[in-house]
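Every number here is computed from the coordinates shown, using simple stated rules; none is lab data. Computed from a prediction, not measured in an experiment: that's the story for all the values here. Because the Cβ atoms are built from the backbone with ideal geometry, glycine has one as well, and the counts that use them run over all protein chains shown.
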């Protein structure tokens, strides 16, 4: 499976990414081996994810989420709670 995820960094910022192994990717972020953006903002916490059958679908959704304003991302995160 392919995933789009949003993590919350220790400074409260949000990071959106794509992976095909969600558990491993979050672990990688928290080991400071993930995205450069998150390395100085540890620890990170998974706050949202979506699952897709194809990489193409996931990357399109990642792009759409990254284009959202913070307010809309927070609404998206809260929609699953």
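The length gained by stretching the chain between residue 42 and residue 78 to full extension, at 0.36 nm per residue less their Cα-Cα distance, is 10.8 nm.
Could you tell me the center-to-center distance, by alpha carbons, between the range 57-79 and the range 26-42 in angstrom? Result: 20 Å between the Cα centres. In this label model, residue 59 and residue 33 are separated by 2.4 nm, measuring between points 7 Å along each Cα→Cβ vector. Which shape class applies to the chain: rounded if a/c is under 1.5, otherwise prolate when a/b exceeds b/c and oblate if not, where a ≥ b ≥ c are the square roots of the Cα gyration tensor eigenvalues? Note, shape of the chain comes out oblate.
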